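Chemist: Handing you a structure now.
Derivation of every value follows stated rules applied to the coordinates shown; laboratory data play no part. Keep in mind it's a predicted model, so treat the numbers as computed, not measured. Here the Cβ is made from the backbone with ideal geometry for all residues, glycine too, and neighbour counts use every protein chain on show.
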Amino acid sequence: MNKCIGITAGLLLTAAVSYGQDYSGDAFRYSEQPVTGTARFQGLGGNHAALGGDASNAWGNAAGLGFYNRSEISISPSLRMLNNSTNYLGQTTNTSKSFPFVGSATAVFAGMPNNTSSRGPRRTVWAISYSRQASLGNEFVAQGQNNRSSVVDSYIENANGTSGANLNSQYDSGANIAYPTTYSDGYTVGGLTAAAYQHYLINPYPQDTLSYFRYDDGVPVNQRASFSSSGAVSQWGVSIASNFKDKFYIGGTLALSHTKYNYTSVINEQYIGGRVFRGIQENNDYSVTGNGINLSVGAIYKIDKSIQLGVTIISPTWTTRSYQETTDQSLTIDPIAIPRLDNNGNPVNFIPDLKTIPVAPNDFNFSISTPLRLSGGVTYFLGKSGFLTATAEYVNYGGMRVNTNYYTAGGDNQAFKQDQTSYVKSIYQNTVNFRVGGEFRSGIFRARVGGAYLPSAYKSTFDLLARNGDRNTLMYSAGLGVRNDRFFADLAGVFYTTKTSYTPYYLNNSSDYASAALTNKYANFTLSVGAFF
């Protein structure tokens, strides 16, 4: 148990902070879809609403499947290449990583034509598809010298107002595990804070035992925060589409979605000239899995041989099995000599046997609904030479919702829902994405170019990046392909850059902590091959 010596410390920030978690970021993470589809559609800038005859229609506008007059099987392996440039405290660090995956696999079954009746569909088409809707892999490092604060200051702010006896009660010495605890006033003290107290990283003032200080306060801190994630949002779908007089096409897809996401983040600090600690390390491991269901319907209408219009609506993905979240944390110290009082009240220096204290794993169940999507588009055909196509997609990010039945008291579940709805409304805004593309044909050869503008889903009040428009994304794409009566092969590359930020920890005074500015450069290459039967 912690028995510390009172030592005069520097300026402390004594106001408590709330450790309630914002899950709206989870809903957004699993909703963002910069680029999906086969190589053909990716080369055109993304999934288009007024274009048919492609496996991408199975998770875009299913009406486009009605253009098939023969069956097809296809697969689209992809390679996602990421290069991150991170600027933190004036120091730039570059990281890169590649993620191979299967972007889609689809079987399309074209029914027999109806040549006996002028009423009803001319042909009905079925499809079974697998597609990756979002890739969640990422990796970056933020490092630099911090002359203002340490992550330990965030533990201090969390502990202020709580007694040392309470912090001791949050630690099981027999099992060597720290626990987060919510006290009767509704205030939560995190498990890392309890671990920091046992490590003597935070210590109460002798004259005010509800306020805390840290040793080595004021010395420069070399900080290194690393982040690595993996996972995806994928879905299996069953689609049906009908062709009416080669003029009007209608279709729909019922899809089952699966989400799997994992990340590891590490905050390592080295104290320059530290006399009590050389440094510390905070480890965070997070994983979540969940399933959902969504429905989409769409239509395409041919005005004439040159122009066709399309519209599709994709429902929110509703959770069918609660998202299961698990968080594992630990805190490790590298001590030099820690001052304390022995059993006789005399000051001594010691080095503890336990250098690492884990936090009890936190399991939590929640459900989400992703945004409604509504798309409309137009395609203009250049005879047999190709076509031009454009799509506008409305995304209702403000309609994302997060719920839970985790708490025993129904009022707590309702309060959680209200808090998450408030987070969504304060952070996110509805957007309209624009995609354009063109395909040019010569015999069996195809060439494609495309682009997309994806405005930021964050409100301008969210951060400086959002205010400056730096969170908006421009995508560029190009592709080549060959196609004959028996098979096809397409290759596409999609390139775009995003700007984001990462904050290792927060303090009450924003001038006392730093955020990293990230420039994320993506290159996505997809090869689609298929055969007709």
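Chemist: Nearest 10 degrees, 0 to 90: what angle lies between the long axis of helix 410-427 and the longest principal axis of the chain (Cα atoms)?
Modeler: The two axes meet at around 70 degrees.
Chemist: If you count, for each residue, the other Cβ atoms within 10 Å and average over each peptide, how do 159-167, 300-308 line up from highest to lowest? Write down the numbers at each step before the final one.
Modeler: Details: 159-167: 18.6, 300-308: 15.4.
Top to bottom by mean Cβ count within 10 Å: 159-167, 300-308.
Chemist: Say the dipole of the stretch 86-163 comes from +1 at the beta carbon of Lys and Arg and -1 at that of Asp and Glu; which of 135, 94, 124 then lies farthest toward its positive end?
Modeler: The residue sitting farthest along the positive end of the dipole is 124.
Chemist: Please state the charge dipole magnitude for the chain, taken about the Cα centre, from unit charges on C-beta atoms (+1 on K and R, -1 on D and E), reported in debye and rounded to the nearest 20.
Modeler: Roughly 2780 debye, rounded to the nearest 20.
Chemist: To continue, here is another question. Under a crude label model (7 Å from the Cα following the beta-carbon direction), how far is residue 409 from residue 482 in nanometres?
Modeler: For residue 409 paired with residue 482, the spin-label model returns 6.9 nm.
Chemist: Another question about this same structure. Give the shape of the stretch 258-344 as rounded, prolate or oblate, defined through the alpha-carbon gyration tensor: a ≥ b ≥ c are the square roots of its eigenvalues, a/c under 1.5 means rounded, and otherwise the shape is prolate if a/b is larger than b/c and oblate if not.
Modeler: prolate
Chemist: If each DSSP helix of 4+ residues adds -39,500 (n - 2.57) and the sum is divided by the residues in the chain, what number results at 222 nm, nearest 500 deg cm²/dmol?
Modeler: -3000 deg cm²/dmol
Chemist: For the stretch 191-246, what is the convex hull volume of the alpha-carbon atoms per residue, in Å³? The partial results should precede the final answer.
Modeler: Working: hull volume 15.0 nm³, N = 56.
Expressed per residue, the convex hull around the Cα atoms of the stretch 191-246 is 267 Å³.
Chemist: Something else about it: Cut-off is 10 Å between beta-carbons; in what order do 199, 258, 48 appear when sorted fewest neighbours first?
Modeler: The order, fewest Cβ neighbours first, is 258, 199, 48.
Chemist: Sort 140, 248 so the one with the fewest other Cβ atoms within 10 Å of its own Cβ comes first.
Modeler: Values: 140 25, 248 16.
Fewest to most other Cβ atoms nearby, the residues stand as 248, 140.
Chemist: Using C-alpha positions alone, give me the convex hull volume of the stretch 408-492 per residue in cubic angstrom.
Modeler: Details: hull volume 13.9 nm³, N = 85.
Roughly 164 Å³ of hull volume per residue.
Chemist: Something else: Tell me, what is a quarter of the convex hull surface for the C-alpha atoms of the stretch 26-107, in nm² with one decimal?
Modeler: For the stretch 26-107, averaging the hull's shadow over all directions gives 7.5 nm².
Chemist: Given the chain, what count of lysine pairs have C-alpha atoms under 26 Å apart, with each pair 8 or more places apart or on different chains?
Modeler: Going through the chain pair by pair, I get 23.
Chemist: Oh, and also: Mind checking the full-extension length gain between residue 182 and residue 512? Use 0.36 nm per residue of separation minus the Cα-Cα distance, one decimal, nm.
Modeler: 116.1 nm is the gain from fully extending residue 182 to residue 512.
Chemist: Cut-off is 10 Å between beta-carbons; in what order do 417, 245 appear when sorted fewest neighbours first?
Modeler: Values: 417 16, 245 10.
Fewest-to-most ranking of 417, 245: 245, 417.
Chemist: Can I ask one more? Please work out the Cα center distance from the stretch 499-533 to the stretch 252-307, rounded to the nearest Å.
Modeler: 10
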